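Take a look at the structure below.
The values are calculated or read from the model by the stated rules, or taken from the named source; none is laboratory data. Note that this is a predicted model, so its numbers are computed, not measured. Positions of Cβ are backbone-derived with ideal geometry, glycine not excepted, and every protein chain shown enters the neighbour counts. When the accessible area is computed, the model is the full protein with side chains, heavy atoms only, and any ligands, DNA or RNA have been set aside. Shrake-Rupley method; radii C 1.70, N 1.55, O 1.52, S 1.80 Å.
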Amino acid sequence: MKLDADAPTDLVETLGSEKRGGELNFIGQGGSTTFHGHNETSKEKQIDLERYYREINKYLVETIDLTVPIVLMGLPKNLALFKRISEKLSLSEIQISKSPTDLTNAQIEKTTSNEISEQEVETITDDVAAINNKRVLTDTAEIDQAIDTNQLNKLIVNVGNLSNSVDDHLYNDINRIISRALKINSQVVVLKQEEPQSPALLEATTY
């Protein structure tokens with residue numbers, strides 16, 4: 001998203017004279033940031049950082065779609081702090097434990113794209129493994145019934161098992177089921193796997 005001019009993108013500018021950690025200056029070099037200033041203590045800087053994160057949280061709550069998951073990127077201790085104070089935001093289970101301080105926007109975009117893809121693959125792999133421990137629905141009529149009763153938990157569509165000879169009606173059924181599953185906020189996972197142990201074309205689990 002493109003941030004407005006008044007977005008809280010700088011701690012010093014956001015907190016201004018209310019900053020408790022003294023007048024901070026910082027030097028960024030080699031992936032690290034060094035702070036120095038007057039009357040600053042570790043505790044005061046922590047208070048400032050928490051107040052700054054609350055301003056970021058407030059800004060996001062007022063400007064974004066709260067149903068869209070947010071992927072956090074930063075040092076582990078900062079991620080933990082932001083997750084602890086965040087309110088109303090939908091935070092993604094995917095998070096990137098890496099400092100973005102000295103990265104350009106293009107580098108951040110490349111890094112996050114790669115990390116998100118890798119973590120999504122890991123999550124899907126875990127989901128597919130876990131589905132073996134539950135009753136699996138593969139019949140479209142049963143899946144439709146699960147949707148009708150609002151019992152559909154997860155729908156996995158393995159397009160790797162589609163062939164060129166698949167009937168057009170099946171394509172339509174798959175698209176219809178995906179649309180219906182999304183409308184009741186079921187989790188929909190699309191795979192492209194052709195291994196012998198890969199999931200069937202359609203697999204679903206219920207609550």
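Within the set Lys88/Lys110; Lys58/Lys154; Lys45/Lys83, which residue pairs have Cα atoms separated by over 24 Å?
Lys88/Lys110; Lys58/Lys154
Determine the sum of side-chain charges near Leu66: Lys and Arg each +1, Asp and Glu each -1, restricted to other residues whose C-beta is under 11 angstrom from that of Leu66.
Charge balance in the 11 Å sphere: -2.
Let a ≥ b ≥ c be the square roots of the eigenvalues of the Cα gyration tensor of segment 38-102; is it rounded (a/c under 1.5), or, if not, prolate (a/b larger than b/c) or oblate?
It is oblate, given that a/c is not under 1.5 and a/b is not larger than b/c.
Could you sort Glu203, Glu122 by accessible area so the largest value comes first, with the probe set to 1.4 Å?
So, going from the largest accessible area down, we get Glu122, Glu203.
Would you kindly calculate the mean projected area, averaged across all directions, of the convex hull enclosing the Cα atoms of segment 60-189, in square nanometres?
It is 11.2 nm².
For Ile85, what is the net charge nearby, where nearby means another residue's Cβ is under 11 Å from its Cβ and Lys, Arg count +1, Asp, Glu -1?
Net local charge, Ile85 excluded: +2.
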